[in-house]
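> Below you'll find the structure I mean.
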Amino acid sequence: MSSDNDYDIFDYKSSQDSFEIDYQIDLFEHRQCLKSRKSKQKLKKSSCPISLKALKSQRNLVKINCINDKITRKAEQKPFRYDRFPNRSKIFECDEKFYEESTCLSNSISTDSSKQSICNQSNVSSNPSKTFEAEALKSFSNFRRHFYHINHQKIKSSLQDQSGIDITDIRLAPVNESVQKDFMKRLNENTSYFPNLVYHGTKLNNIESILRYGFLIPNQAHPSNSEAPIIISVNGRSFGNGIYSSHSAVYSLSYINTTNTLLVCAAIPKRNGNGKIERSHGNILVLSHVSQIIPLFLLDFKYLYSSHMNYPCFNEEKQLKIHKKNEIKKSVIISRKYLRKVLNYMNDEVRQNNRYQVRSYEFCN
């Protein structure tokens, strides 16, 4: 800092008194100090300087971005990560199908809120005998709709315990009419208990056979359909011969091969006098007759992580095209009449001698 003596070299003559000049300087410094205090208070109130044009044009943005730091915002309510039955679940093909059927019957106007009615219903009686309606026994379509109406939440949450798997769709299984009739006949004979929800995992090629002929017992012919093939057991018979299914969808995933489709089935297990299910071993349920189980839905899923490979889901149209191509590639059957002519022509010695003549060459010495 320079002292007052340094400025003595400048000659400055003023008409005012030196005391008055000092007084004016003191007033100026005092006013500047007051102005600086006011400006600091204004800066604290508004965190960002904004022009009048910005205030008029974008009021909402200014209000949000220029909130005082001391004011804390309210925390937004986050969804519970382990909520098994969220308020707004996915709408799959079955939901839309059954919703359309219900609207056709009731002639009501379709809305988004009413479409969620199937997905969000959870008040279902725990007693299976009470949940059986008389309309469900009239036809297979009515039974399937009623079965989905009761078990749709369990089906949608069946793979939530398995991390890295997402259900992409739940479709109606195109089951053959003969399989439907056999199951409905047994269902009408056993109306005291509601059918159980079970799952079945298998190969992609086996799904078409199951939908056409139903589930088959290994090494046994079908009791009513002579066209059904006789299959061989692949995964063993640790609990005896029969049709193996599982109460757990995660357990059935271990038996899936070359497909991302799981069969969702209804089973009518045999019970003893006390009503206890026979041939039930933990997650495994073994059925002794082909009419005791039927596939109702096709559950399509996908793996979210690269550690598991995703395979194509079952598609009936694609499978039919593949079978048509295989039929075209089959070898042509030749009749014996023409085959004999060909063989005689090939074994003709005169023809062979004329075709392949032995030529000798004489070398001159």
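Bear in mind that the values in this text are calculations on the coordinates, not laboratory data. Since the model is a prediction, treat every value here as computed from it, not as a measurement. When we count neighbours, we look across all protein chains shown, and the Cβ atoms used for this are built from the backbone with ideal geometry, even at glycine.
> With each pseudo-label sitting 7 Å past Cα toward Cβ, what's the residue 97-residue 233 distance in nm, one decimal?
Computed distance between label sites residue 97 and residue 233 equals 3.3 nm.
> If you don't mind, there's one more thing I want to ask. Can you work out the PRE-style zone for residue 137? Point 7 Å along Cα to Cβ, and I want the residues of region 192-207 with backbone N under 19 Å.
192-196
> Can you work out ³J(HN,Hα) from phi for every residue in region 194-208, in order, using Karplus 6.51 cos²θ - 1.76 cosθ + 1.60 and θ = phi - 60°, giving whole Hz and x for Gly and Pro?
6, x, 8, 8, 9, 10, 9, x, 7, 6, 5, 5, 7, 5, 5
> A further question on this structure: Given 0.36 nm per residue, what is the gain on full extension from residue 160 to residue 258 after removing their alpha carbon distance, in nm? Please list the in-between numbers first.
On the way: separation 98, 0.36 × 98 = 35.28 nm, distance 2.17 nm.
Full extension from residue 160 to residue 258 adds 33.1 nm.
> In addition: Report the FRET efficiency, 1/(1 + (r/R0)^6), for residue 188 and residue 338, where r is their Cβ-Cβ distance and R0 is 51 Å, rounded to 0.05.
0.35
> On alpha carbon coordinates alone, what is the Rg over Rh value for region 193-291, Rh being the Kirkwood radius?
0.94
> Something else: Please compute the contact order of region 133-276 in relative form: average sequence separation of alpha-carbon pairs under 8 Å and at least six residues apart, divided by the residue count, as a percent.
Relative contact order comes out at 29 percent.
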